[in-house]
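Have a look at the structure below before the remarks.
Since every read-out is calculated from the coordinates, none of them should be taken as a lab result. Everything numeric here is computed off the predicted structure, so don't read it as measured data. Backbone-built Cβ (ideal geometry, glycine too); neighbour counts: all protein chains shown.
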Amino acid sequence: MLALIVHINSNYLSAQYIVNDIIYSTNSVTNDGKVSGYETQGGNWSIWLPDSANAIVNIGGVAPGLGVGGQARFSENGNFICGTSMGNGGAEISLYDRSLDTWTALGSLGFSVDSTKGGGYGISGDGNVVVGNSWADTTGGLAYTHAVAHNNIEGLMDLGTLFFGRSTRANATNYDGSVVVGWQDFNGPWKSAVWRKNPAGGYFPNEYILIDTAGNPNDEYNQIGECSAVSADGNWIGGYGDFANNNEPWIWSRDSGVINLGTFPGLGNGYVSGISADGSIVVGWFDGFFFGDPRTPFIWTHENGLQEFNSYIRNELGDSTYTHQVYTAESISPNGLYVAGYGVDTSTFLYFAYRVTLNGTTGISSTTSETIEMYPNPTSGFTTIENKGQATLTVTDIRGRVVIKTEINGKYSLNLSDYNSGIYFVTVLSNDKLRTEKIIKN
């Protein structure tokens, strides 16, 4: 068992906007407001409890720095955290179980660089799949990584690369681990990569997200930049802007294609860092135009578009940030209630972490952990879906393609008779709640 070290910090500003000057970086925030991150580069991972006397719990593992990479991200229920810890001969992609207070190293592809074999960057909402990277070769002057995914049934899976000797990494995955997103290197900067679960085992080879689906898939100006976030149902993916889309942060779905989120004057590249479970709220930041310039955070919704986040906190939420300048919006809770990130106090020039409550002012609530009453499942044809009132029903296949989308009212009989055998995902949006469930067609 790891020794838990608890720091108490009283640096509150208000019930909605809470800061902490001990946490160095935040990585994710749960539906009930707990924040994961770390205090020092190369140190241990931490859990920040803003609502419990602003306490910080040291949970061990190995945070980024000194050659180690990774992100500490919560599963949707907050019971598990992905990240990096010491494994067999080096730092590896790992899983932390909060109930047992233990890190489990999940393996590697067998190579090591400076005592690092890989790192964990994302975890599925159900906690069953951890994704990241692992060194794939270090011989003959080569040193490159492959994206990897781990589950308890198949173990560590090498997600591969489209080009020998070029690296990939998995950054995030959706609620059940069926959609994994990250980046593919070829000529720089890193480009989008999407791996989808293969029902026969493992994952299909990664695919680029194309700005023009009818255009040249090998044209780097048609390949959108690195993927960094994915909604719980896997329908919405977000990522980094580059030369292909005027450096704007972006989101994508099969129905919408690439949506550029916009920019602010005089700023550099834009980055999506988080998407709420239902895809309704997007957060991230812009780099400064010149190296060393401060970052500028943003929040984006389908209804209101792009908004600078410091202004949003003050004007929309009515909360003063005093002498604090928020630099990033690094994560959003699945239910869209909390946003966490870091900034700088302009009076002391010290860094701080923050968590702000959106108070339901935007977006819809997500209940992806709730199940849809659906029977029989598996099915060879018709399946009954129990639902009260009106709702939008969407069915997607294993590769994320929408095969059925319809409005329903009350109990509904879903007919899959004419579709191929395999795994499908049923999403029901009703009464401002979104639920997603896997169904198997025999």
What is the fewest-to-most order of 425, 298 by other Cβ atoms lying within 10 Å of their Cβ?
425, 298
The local net charge around residue 19, scoring Lys/Arg +1 and Asp/Glu -1 for residues other than residue 19 whose Cβ lies under 9 Å from its Cβ, equals -1
Burial-style ranking of 412-423, 65-76, average other-beta-carbon count within 10 Å with highest first, yields 65-76, 412-423
Okay, which of the stretch 33-75 sit inside 15 Å, backbone N to the point 7 Å along the Cα-Cβ direction of residue 115?
42-44, 61-69
Given Cα pairs under 8 Å that are at least 6 residues apart, what percent is the relative contact order of the chain?
10 percent
Between residue 392 and residue 143, what length in nm is gained on full extension when 0.36 nm per residue of separation is reduced by their alpha carbon distance?
84.9 nm
Can you run phi through the Karplus equation (6.51, -1.76, 1.60; θ = phi - 60°) for the stretch 208-222 and list ³J(HN,Hα) in whole Hz, with x for Gly and Pro?
6, 8, 9, 5, 10, 5, 8, x, 6, x, 9, 7, 5, 7, 9
Mean separation of Cα contacts under 8 Å (6+ apart) over length of the stretch 211-298, as relative contact order %
21 percent
Roughly how many whole Å is it from the C-alpha centroid of the stretch 238-275 to that of the stretch 135-155?
28 Å
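Would you order 167, 276, 52 from fewest to most other beta-carbon atoms within 10 Å of each residue's own beta-carbon?
With the sparsest Cβ surroundings first, the list reads 52, 167, 276.
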Quick one: order 168, 384, 406 by neighbouring beta-carbon count within 10 Å, fewest to most.
406, 384, 168
Determine by what factor the alpha-carbon radius of gyration of the chain differs from 2.2 N^0.38 Å, reporting the quotient.
0.95
Residues with beta-carbon under 14 Å from that of residue 285, excluding residue 285: net charge, scoring Lys, Arg +1 and Asp, Glu -1?
-4
Within 15 Å, Cβ to Cβ, of residue 143, how many net charges do the neighbouring residues add up to if Lys/Arg are +1 and Asp/Glu are -1?
0
